[in-house]
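The values are calculated or read from the model by the stated rules, or taken from the named source; none is laboratory data. Values in this document were obtained by computation on a predicted structure and should not be read as measured data. Counting neighbours? That spans all protein chains shown, and the Cβs are built from the backbone with ideal geometry, glycine included. Remember, those area values only see protein heavy atoms, side chains included, never the ligands or the DNA or RNA. Shrake-Rupley method; radii C 1.70, N 1.55, O 1.52, S 1.80 Å.
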Amino acid sequence: MGGKVTMTLVTERQDGPIGDDWRYVVEAKVFNEGLKGKGKIKVPKHTLSSGVTQEPPGPPEPLVLEAGNCGDDVLVRLKVDATEVDWLIHDKGSAGLDVAMKIPADGAQAVTKEAEISVGVRESPGISGETSIFRVLIRLVAECG
């Protein structure tokens, strides 16, 4: 039987003065003796006010990724590209995080980890120097089967 990792977007938040129209993409790659699975969750433009933590709109469907053999250790590489949507020039930022997990053995209980990724997004063209911090909380569940 093969292992799999399911990625779910739990919450999003932004703190800062640069705006409240946001869109973002969360990319995941699972490595187990090479790349085993990859995919993206795209969250379309929506309103996210400063200081508010909320569930992503939709919410988006979880992403299920192949992870290799049950009982193996895997590395899940996460990347978030966040965009504050403006009329002329969009403000963009990106950040990544690596999460080590173990795929449980056949019949064992699933393993769950949560990871928060913070992305600094600077106002363009950068004259004002203002920055917002965009955060997304991601749940990863590794299971056999």
**Study point:** From His90, His46, residue being touching an Asp or Glu at 6+ places or on another chain (Cβ under 8 Å), at pLDDT below 95 and farther than 16 Å from Leu140 by Cβ
**Key:** His90
**Study point:** Total residues in region 115-145, condition touching a residue at least 40 places away in the same chain (Cβ under 8 Å) and loosely packed, with under 13 Cβ neighbours inside 10 Å
**Key:** 1
Practice item. Test Gly68 against the stated conditions and say whether it is part of a strand (DSSP E or B), on the phi > 0 side of the Ramachandran plot, out of contact with any His (no Cβ under 8 Å at 6 or more places or on another chain) and not acidic (Asp, Glu). Key: yes
Check your understanding: Across region 1-27, which residue is farthest from the chain's Cα centre (by Cα) among those that are open to solvent by 60 Å² or more (accessible area, probe 1.4 Å) and under 30 Å from Cys70 (Cα atoms)?
Key -> Met1
**Study point:** From Val85, Val99, Val30, residue being modelled with pLDDT of 95 or more and open to solvent by 10 Å² or more (accessible area, probe 1.4 Å)
**Key:** Val99
Check your understanding: Which one of these is among the polar types (S, T, N, Q), in contact with a Pro (Cβ under 9 Å, 6 or more places away or on another chain) and part of a strand (DSSP E or B): Thr83, Thr112, Thr8?
Key -> Thr8
Point to revise | Of all residues making up region 33-58, the number that are touching a residue at least 12 places away in the same chain (Cβ under 8 Å), in a loop (DSSP other than H, G, I, E, B) and open to solvent by less than 60 Å² (accessible area, probe 1.4 Å) | key: 5
